[in-house]
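K.L.:
Quick one: the structure is below, and I'll ask about it shortly.
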Amino acid sequence: MDPRSIALLEFPLVRARLAEKTQFPPSRRLAETLEPSNDPVVVARSLDETDQTRALLSDRPGVGVGAVHDIGPAVERAARGGRLDAEQFLQIADTLDATARLQTSLADDRRPLLNELARELHGLPAIRSTLARSFDPVGELLDTASPRLGGLRAAVRVAYDRLKRRLDALVGSELGNALQDPIVTLRNGRYVVPVKSEARSRVKGIVHDASGSGATLFIEPLVAVELGNAWREAQIAEQEEVGRILDELSALVAANAVALRETLDALARFDFWAAKASLAADLDGTRAETASRPEVVLLGARHPGLAGRVIPTDIRLGDGYTALVVTGPNTGGKTVTLRTLGLLSLMHQAGLHVPAEAGSRLPIFRDVYADIGDEQSIAQSLSTFSGHLRSITRIVEAAGPATLVLLDELGAGTDPTEGSALAQALLDHFIKAGALIAATTHYAELKAYAHTTGGARNASVEFDLETLSPTYKLTIGLPGGSQAFAIAERLGLAPDIVADARSRLSENQRAFEETLARIRETEGETSEALERARAAEARAAEALRTANEDRLRARRERDDAVRAARAEAEVLVDTIRDEVKATRRALERETVTAPSLDAAIARAEAQLGRLVDAPADESEQPVVVEVPHVWRLGELARSRTAGWEGRITALEKNDTRATLEAGEMRVSVATEDLDPVFESAPPPDPDRAIGNIARIGRPGARDRGNGIGAMQLQRSRSVASSLDIRGARVEEALDALDRYLDDAGLAGLDQVVVIHGLGTGALRDALRTRAGSHPLVTSTRPGERGEGGDGATIIKL
C-alpha cells in the first residue's frame, strides 16, 4: 500500500505504540514492520489473532511469554559450530522454561489459532534438564556438569592449599628479613613474595617482576615452583574440561536448532498478538466488521493519537454516495475527520482493533491515498498549490475501485474560482473511477456541487460559537459554514468592520448563503427523521434478535428434553428386554414357575408404567414402546398373513420359527408373523383343576371359586411345569416322580414334562413304566422335536 499516505495518516505512530507493548526484540521487530494488507484472507487471519488473544488474556490475564530472550544469535552461532558462553546458555534455559509455561497455558485452549501456535512451542525438556544440571542461577558451571569436573576442581583446591601453606611458611619465618613486606602476591599468574633487591642472593627462585624503583623484586621461591606448577596444571585441566562441557552443550543446542528457531518464532508471534490485544484494550477498540462492498460505517470513531477527552464521531461513506464533502470553520475538526477515517482503515487492514463502537464496518481497500498538510517546499521551488497538485496528480493515476482517497482543502492555494472548478472536476473523476473519496473545503461552490450531484453528499463539522471551540461532531447531509464573520465578532473585531465585510458580499453570494441555510434546515429535519427511523430499526432488530434467541433457547430445551426422554425410554426398554430374555431362558429350561413369571411381568409393567406416567412435554410425541411377545409351547397363535391358527408344539432357531398344530396338520411359521389367541377362561369348576394361569399382566386378580379352586390356584403358583431328574438314581427318581405327579394333579396341571436325558435308557424306561401305572396319568409319550426328543417324557394328567 502507498507508503507516503501511510506516513501522512500517522500509522507509524500507532506502530511505535504497539512496539512498546512487546516484551523482547523478535516481537518488537514484528510490530515495527507491521504493514496494512489488502489481502482479505491475511486481514481476516490477523484480526482473528487479535480477537482470540484478547479473549484469552481477558479470561487469564497472567498468560504471557514471561522472561524470554532473543536466543536467535546464540542458536545460529551454535549451528555454525561455535561455542556458546554461560550467559547464552542461561538465556536459552530461561526461554525454554517460559516456553513450557506458555505451552501448558495454551495446550487446552480451544481457540484454533492459539491451539495451532501451541503446537509450534517446543519445551525441549532434555535441554532444560541438562542446562539446569550444568549451571547455577548466576551462570557458573556446577560440579554436576560432568563426571570429571567435580574431581578436577577438588584437585585445584588441594594444589592451591599446598602452595599457599608453603608460601605462608616462607613468609612467616624462613625469609623474614629478606622480604620487603611479609605478604604473598600474584604476578603473571604465579604466586610470588616481595624480596629486597639487596637480599636477592638469600632467596633462590624465579624473578617475575620488579618494582618501579627497583628496590623490590617479586620472586617465586624455588621451593614453591613445583607446587605452583601442580596448581597451574590442575587449573589447565579444569579449564579444558570446562571447554569440553561448553562444546558439548553447544552441540546439543545445534542439534535442536530447528525446534529452537520454531519456538522462538512462535514466542515472538504470541507476544506480538498479545501486544495487539493490549493496544486494543487501551484504545477500548472493537473488531470492525469487514464489509463485502465498498461501504464505510464508523460509529463513535476516535482518533487514537488524540490525548485527553476525545469526542467520538460517526462517519458514513459508500451507502448511496461515494464522495463526502466536509465543510466547516477552521479548527473545526475537518482534517481530524479525514485522518480518523484513513487511520482506522489502515489499522483494520493491519489486523488491529479500531477505536470505534460495535457495529462499525470497513471494507478491504486495495489502497488508501491521502493528501493532507502543507506541501510547500522551498528547496523544490514548490508553492502550496503546486505541492498539493503534484500529490493529487499521482493519486489520480492510481485511484480506482476499492481505493480510498482523502483530500484536505481541495482546490485551495490558488484563485477561488479556478480552484473550485478544478476541485469539482477532480471529484467527478474519482466518482467515475469508483473510488471512495472524502474531501474538506471552504468553497461554497463545492457545497452546491455536493447537494446537486448524485454520487456526492455534504457533511459539516459543528462549531460552538459561544466557546469558540469545535465539537468534532460530524453531521452528514448538512453543509457547514466557515463562520468567519461570527468568529471575528467573538474575537473582538470592530463591529463596523464586520458589518462592512458583510455588505461587500454580492447579492448572489448572500442568496447562495441563504439557500445553504435553507438546505441545512431541511436536511437537518430529514437527518433527524432518519435517525429516528434508524433507532426504530435498531430496536426492531434487537427485538427480533431477542425473539430468535428465545426461540432457539426453547428449541434447545425441547430437544434436550426429548433426548433425555428418549435416553430414559431406551434404558427402560433395554431393561424389559433383559427381563424377557431371562424369562425366555427359564422357559427353555422348563423350570419357570407361576410366581417367577408373575414377578417378571410385574417388573416389566413397572418399567412401562414409568414411561406412561412420566409427564410429557407438550412439543413431544408420546413414546411408544413395543415389548416383544414371549412364545411358549402349548400357546394358541394365529398367522397374520396366512390365517393359520393352532397351538405351538415346537420352537426352533432361537424362537424365530414356531410349529402350529391344528388337528392332524402342522405348519412352520415365523414367530414375528404370529399374534396370540387368548382363550376365554371357563367358569370355576370345583371338580377340575384350573390348570395353568390363563391371564398375564393383571396383578391382584384372584379366582373367586370355592376353597378347592383357591387351593388349586395357590398350589399351581408353586409347582413347575417340568421335573428335571437327570443324574438321579432310579429309586430316587421314582420317588421324586410320584411326589411331583401328586403335586401336579393337586395343582390342576393338564400336562407336565419329565426330563431324564438319554443315557442308557434304564432311567427312561423305569420312569415311563411308573408313570403309565400312575392313577392320575392318562397317557405318556416321548418328547418330540422342540420338546427334548427321547430325552424327555410328556405326561398328560
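The values are calculated or read from the model by the stated rules, or taken from the named source; none is laboratory data. What you see is a predicted model, and the numbers here were worked out from it, not measured in a lab. Every residue, glycine among them, receives a Cβ derived from its backbone with ideal geometry; neighbour counts consider all protein chains shown. Side chains are part of the model used for accessible areas, which takes the heavy atoms of the whole protein and leaves out ligands, DNA and RNA. Shrake-Rupley method; radii C 1.70, N 1.55, O 1.52, S 1.80 Å.
K.L.:
Taking the simple approach of a point 7 Å from Cα along Cα-to-Cβ for both Ser213 and Thr649, what is their distance in nm?
P.N.:
It is 14.4 nm.
K.L.:
Full extension from Ser201 to Asp319: what is 0.36 nm times the residue separation minus their Cα-Cα distance, to one decimal in nm?
P.N.:
Numbers: separation 118, 0.36 × 118 = 42.48 nm, distance 10.71 nm.
Extra length from Ser201 to Asp319 when fully extended: 31.8 nm.
K.L.:
At 0.36 nm per residue, minus the direct Cα-Cα distance, what do Ala281 and Arg165 gain on full extension? Give it in nm, one decimal, please.
P.N.:
Details: separation 116, 0.36 × 116 = 41.76 nm, distance 6.79 nm.
Between Ala281 and Arg165, full extension yields an extra 35.0 nm.
K.L.:
Please work out the FRET efficiency for the pair His629 and Ala599, using the Cβ-Cβ distance as r and a Förster radius of 30 Å; give the result to the nearest 0.05. Kindly include the intermediate steps, with their values, before the conclusion.
P.N.:
On the way: r = 18 Å, r/R0 = 0.61.
The calculated FRET efficiency here is 0.95.
K.L.:
Run the reach check for Lys204 against lysines, Cα to Cα strictly under 25 Å, same-chain hits fewer than 8 apart removed. What comes back?
P.N.:
Lys164, Lys196
K.L.:
Tell me, what is the percent relative contact order of region 201-267, built from C-alpha pairs under 8 Å that lie six or more residues apart? Walk me through the numbers on the way to the answer.
P.N.:
Working: 30 pairs, mean separation 12.5, N = 67.
Dividing the mean separation by the residue count of region 201-267 yields 19 percent.
K.L.:
Still on this model: Anything over 23 Å Cα to Cα? Flag those among Lys447/Lys473; Lys276/Lys473; Lys653/Lys796; Lys581/Lys796; Lys432/Lys473, in the order listed.
P.N.:
Numbers: Lys447/Lys473 18 Å; Lys276/Lys473 28 Å; Lys653/Lys796 27 Å; Lys581/Lys796 28 Å; Lys432/Lys473 29 Å.
As for pairs spanning more than 23 Å Cα to Cα, those are Lys276/Lys473; Lys653/Lys796; Lys581/Lys796; Lys432/Lys473.
K.L.:
Further, regarding this structure: Set the Förster distance to 56 Å, then compute FRET efficiency between Ala255 and Arg726 from the Cβ-Cβ distance, nearest 0.05.
P.N.:
Values: r = 76 Å, r/R0 = 1.36.
The calculated FRET efficiency here is 0.15.
K.L.:
In what sequence, highest mean first, do 632-640, 419-427, 346-354 appear when ranked by Cβ atoms within 10 angstrom? Walk me through the numbers on the way to the answer.
P.N.:
Numbers: 632-640: 16.7, 419-427: 19.8, 346-354: 24.9.
Top of the packing list down: 346-354, 419-427, 632-640.
K.L.:
Percent relative contact order of region 223-331, based on C-alpha pairs within less than 8 angstrom and at least six residues apart? Before the final figure, lay out the partial values.
P.N.:
On the way: 38 pairs, mean separation 15.6, N = 109.
So the answer I get is 14 percent.
K.L.:
Which ³J(HN,Hα) values, rounded to whole Hz and listed in residue order, are derived for region 652-660 from phi using the Karplus coefficients 6.51, -1.76 and 1.60 in 6.51 cos²θ - 1.76 cosθ + 1.60 with θ = phi - 60°, glycine and proline given as x?
P.N.:
10, 6, 6, 6, 8, 10, 10, 9, 9
K.L.:
Taking K and R as +1 and D and E as -1, what net charge do the other residues with C-beta under 11 Å from the C-beta of Arg187 add up to? Before the final figure, lay out each step's value.
P.N.:
Details: positive: Arg190; negative: Asp209, Glu220.
Taking every other residue near Arg187 into account, the sum is -1.
K.L.:
Note the full-extension length gain between Arg545 and Thr778 as 0.36 nm times their separation in residues minus their Cα-Cα distance, in nm to one decimal.
P.N.:
75.5 nm
K.L.:
Which shape class applies to region 114-237: rounded if a/c is under 1.5, otherwise prolate when a/b exceeds b/c and oblate if not, where a ≥ b ≥ c are the square roots of the Cα gyration tensor eigenvalues?
P.N.:
Working: a/c = 4.77, a/b = 3.11, b/c = 1.53.
Prolate is the answer for region 114-237, as a/c is 1.5 or above and a/b outweighs b/c.
K.L.:
Quick check: pseudo-label points 7 Å beyond the Cα along Cα→Cβ at Arg666 and Arg309, how many nm apart are they?
P.N.:
For Arg666 paired with Arg309, the spin-label model returns 10.6 nm.
K.L.:
For region 266-379, what is the relative contact order in percent, using Cα pairs closer than 8 Å and at least 6 residues apart in sequence? Working shown, then result.
P.N.:
On the way: 146 pairs, mean separation 46.2, N = 114.
With pairs under 8 Å counted, the relative contact order is 41 percent.
K.L.:
With label points built 7 Å along Cα→Cβ from the Cα atoms of Leu493 and Ala132, find their separation and express it in nm.
P.N.:
Computed distance between label sites Leu493 and Ala132 equals 7.8 nm.
K.L.:
Nearest 0.05, what FRET efficiency do Ala736 and Asp675 give at R0 = 30 Å with Cβ-Cβ as r?
P.N.:
Working: r = 39 Å, r/R0 = 1.29.
My answer for the efficiency is 0.20.
K.L.:
Can you pull the accessible area of Arg187 for me, 1.4 Å probe, Å² to the nearest 10?
P.N.:
So the heavy atoms of Arg187 present about 70 Å² to solvent.
K.L.:
Further question on the same structure: What residues from region 186-217 fall in the zone where the backbone N is under 18 Å from a label point 7 Å along the Cα-to-C-beta line of Glu226?
P.N.:
191, 204-206
K.L.:
Using only Cα atoms, figure out Rg for region 65-184 and give it as a multiple of 2.2 N^0.38 Å. The partial results should precede the final answer.
P.N.:
Working: Rg = 24.2 Å, N = 120, 2.2 N^0.38 = 13.6 Å.
Working it through for region 65-184, the quotient is 1.78.
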